[in-house]
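Peer 1: Have a look at this one before I ask anything.
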Amino acid sequence: MAPSPLFLLGRFLSQFAARLGDFLFPLVIYRQSGSLSLSGLALAIEWLPRIVGLPLCGALADRFRAGRLFAIADLARALLAFVPFLFPDVPVLLATSAAFGFLSALSQVTLERTVATSGKVLARAQMSLEAINNLAFILGSAAAAWLVSCLDLRALFVVLAALFACPAPCLWRAGLAHPAAPRSPFSPARDASAALSILKHKTRLRQIVICGFLLAIASGIVTSTGPAMITTEFALPGAAFAQVQMWAAAATVLAVLLSRHVPGAAARTQWIGLATIAAGLFLAASAWSFPLWVLGYAIFFAGIMLFSIHLRCERVAHIPPKHLGKTLGIIMVLTAAGLPVGGLLVAYLADTLPVRGVTWLAWPAFAGALFLSLFIRSSNKPRTVMDSNGQAGSNVNEI
């Protein structure tokens, strides 16, 4: 069973607003400062608290009901959006962007924990949410481009505030079956220690984390080489990369729809995802025409999405429910670290190898993930998520 339509609507509105914010902050900072380096710094500042704050956000997700945290994350961003509208200085924009990053992390890890305690078949729930995320990416990007042509940039922060105020009523009921908050004093250090202890004693969980880390390295390599492939190999303007990203998001939505509606596909996301990654990576590294390269790039990220759903479903079975949020926060940090590692590999080898040669470096990372996946094969029984007592959940009204 999929998440409720009201919950999906709330997630779509939240992700739509987040996409507009991702588009707006670097653009306004560049317009205000005229500095490309500051525009790039804005992205780094926004992502740093998002990654570093994940363990803290995971601990919060274990203690408070999901609906409250979703409302805090979205309504706080709605209020913060008025700050750069009133004070459009670059330092204010950078600080607001950093706060947005932390609140995005809070929403992200709360979502993972909510889905993992909802009582639904986890693969189908994750597929529904991935489809919503990518649809919001496509429509949010298009809306951002249109709004920039119609409105003053400062006025767009008012639009952003209005959009972030909309999801809260749809998401407020999420997590109604969430257990009461623990009475022990709140200690992020102790929570992080508990999560690391779980990882230390769960071999299969460590294999899942390493597998996700390797795939993130491969994703970082393919993403980082994308603009260079477009400009050097196909002699097209760098702006074409935005269109390629849109096609990748569309392929992801299509992959979700096919996996949900083709009989037996949802139970085989592991192998379908791996086969799709391999096919996409081969085309992305070897295609000599731009349409074929775009096809490979899109197929690769559709496969990454499918296999990531498999990993997210499997890791839930190895985490005690009362430690789910804090452990997911640590896991998400470790997995996300693969993206900058992939980017650093590209930066280090860019002057040594041709662009295609650098892209082929994603293959060893994929091969490592393929090897590890042999040890984390799931059973044929659909994975349902766990309630607070460690039993299969049954509350279908939670999300």
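Peer 1: Could you list, in sequence order, the residues of the range 146-161 that are in a helix (DSSP H, G or I) and loosely packed, with under 12 Cβ neighbours inside 10 Å? Before you say what the answer is, go through the steps one by one.
Peer 2: Just the residues of the range 146-161 that are in a helix (DSSP H, G or I), to begin with: 146-150, 153-161.
Selection gives TRP146, SER149, CYS150.
Peer 1: Continuing with the same structure: Hey, any hits in the range 66-74 for a residue that's surrounded by 21 or more Cβ atoms within 10 Å (Cβ to Cβ), part of a helix (DSSP H, G or I), of a type outside the set (D, E, K, R) and touching a His at 6+ places or on another chain (Cβ under 9 Å)?
Peer 2: yes
Peer 1: Within the range 113-122, does at least one residue satisfy the condition of being at pLDDT 85 or above, of a type in the set (Val, Ile, Thr) and surrounded by 21 or more Cβ atoms within 10 Å (Cβ to Cβ)? Write out each step before concluding.
Peer 2: Taking the range 113-122 as the starting set, the residues that turn out to be at pLDDT 85 or above are 113.
Now restrict to residues that are of a type in the set (Val, Ile, Thr): none.
Checked against the condition, which is being at pLDDT 85 or above, of a type in the set (Val, Ile, Thr) and surrounded by 21 or more Cβ atoms within 10 Å (Cβ to Cβ), the range 113-122 yields no hits at all.
Peer 1: Let me ask another. Here are ILE330, ILE319, ILE299: which of them is part of a loop (DSSP other than H, G, I, E, B), modelled with pLDDT of 90 or more and either within 20 Å of CYS57 (Cβ to Cβ) or not charged (D, E, K, R) (or both)?
Peer 2: Details: ILE330 fails: part of a loop (DSSP other than H, G, I, E, B); ILE299 fails: part of a loop (DSSP other than H, G, I, E, B).
Of ILE330, ILE319, ILE299, the one residue that is part of a loop (DSSP other than H, G, I, E, B), modelled with pLDDT of 90 or more and either within 20 Å of CYS57 (Cβ to Cβ) or not charged (D, E, K, R) (or both) is ILE319.
Peer 1: Have a look at LYS326, LYS322 and point out the one that is within 20 Å of LEU106 (Cα to Cα) and surrounded by fewer than 21 Cβ atoms within 10 Å (Cβ to Cβ). Outline the logic, then answer.
Peer 2: Numbers: LYS326 fails: surrounded by fewer than 21 Cβ atoms within 10 Å (Cβ to Cβ).
From the options LYS326, LYS322, the qualifying one is LYS322.
Peer 1: If I ask for residues that are out of contact with any strand residue (DSSP E or B) (no Cβ under 6 Å at 6 or more places or on another chain) and outside any helix (DSSP H, G or I), which ones from the range 115-145 would you list? Don't jump to the end; show me each part of the working.
Peer 2: Our first condition is that a residue be out of contact with any strand residue (DSSP E or B) (no Cβ under 6 Å at 6 or more places or on another chain); within the range 115-145, this holds for 115-120, 122-145.
Scanning the range 115-145 gives ALA116, THR117, SER118, GLY119, LYS120.
Peer 1: For the range 279-298: of the residues being aliphatic (A, V, I, L, M) and surrounded by 24 or more Cβ atoms within 10 Å (Cβ to Cβ), which is nearest to GLN126 (Cα to Cα)? Before you say what the answer is, go through the steps one by one.
Peer 2: Just the residues of the range 279-298 that are aliphatic (A, V, I, L, M), to begin with: 279, 281, 283-285, 287, 292, 294-295, 298.
Still in the list and also surrounded by 24 or more Cβ atoms within 10 Å (Cβ to Cβ): 281, 284, 298.
Values: LEU281: 24, ALA284: 26, ALA298: 19 Å.
This residue is ALA298.
Peer 1: Among the numbered criteria (1) crowded, with 23+ Cβ neighbours inside 10 Å; (2) aliphatic (A, V, I, L, M); (3) not in a helix (DSSP H, G or I), which one does ALA218 miss?
Peer 2: Result: ALA218 fails condition (3) only.
Peer 1: I'd like to check something: does the range 361-375 contain any residue that is outside any helix (DSSP H, G or I) and under 22 Å from the mean Cα position of the chain (by Cα)?
Peer 2: Here is the first cut: in the range 361-375, the residues outside any helix (DSSP H, G or I) are 361, 374-375.
Narrowing the set further to residues that are under 22 Å from the mean Cα position of the chain (by Cα) leaves none.
So far as the range 361-375 goes, no, none of its residues is outside any helix (DSSP H, G or I) and under 22 Å from the mean Cα position of the chain (by Cα).
Peer 1: Which residue, of THR114, THR96, THR110, is over 14 Å from the mean Cα position of the chain (by Cα) and farther than 14 Å from GLU46 by Cβ?
Peer 2: Details: THR96 fails: farther than 14 Å from GLU46 by Cβ; THR110 fails: over 14 Å from the mean Cα position of the chain (by Cα).
Answer to the selection: THR114.
Peer 1: Could you please give the count of residues in the range 12-42 that are at pLDDT below 80 and in contact with a Pro (Cβ under 6 Å, 6 or more places away or on another chain)?
Peer 2: Qualifying residue count for the region: 2.
Peer 1: Still on this model: Return a yes/no flag: does the range 234-242 have any residue that is part of a helix (DSSP H, G or I), buried (at least 21 other Cβ atoms within 10 Å of the Cβ) and either modelled with pLDDT of 90 or more or hydrophobic (A, V, I, L, M, F, W, C) (or both). Break it down stepwise before answering.
Peer 2: Taking the range 234-242 and keeping what is part of a helix (DSSP H, G or I), we get 240-242.
Next, from what is left, pick out any that are buried (at least 21 other Cβ atoms within 10 Å of the Cβ): none.
No, the range 234-242 contains no residue that is part of a helix (DSSP H, G or I), buried (at least 21 other Cβ atoms within 10 Å of the Cβ) and either modelled with pLDDT of 90 or more or hydrophobic (A, V, I, L, M, F, W, C) (or both).
Peer 1: Return the total of residues in the range 123-140 being surrounded by fewer than 24 Cβ atoms within 10 Å (Cβ to Cβ), under 12 Å from the mean Cα position of the chain (by Cα) and modelled with pLDDT under 85.
Peer 2: Qualifying residue count, the range 123-140: 0.
The values are calculated or read from the model by the stated rules, or taken from the named source; none is laboratory data. All values reported here derive from a predicted model rather than from experimental measurement. When we count neighbours, we look across all protein chains shown, and the Cβ atoms used for this are built from the backbone with ideal geometry, even at glycine.
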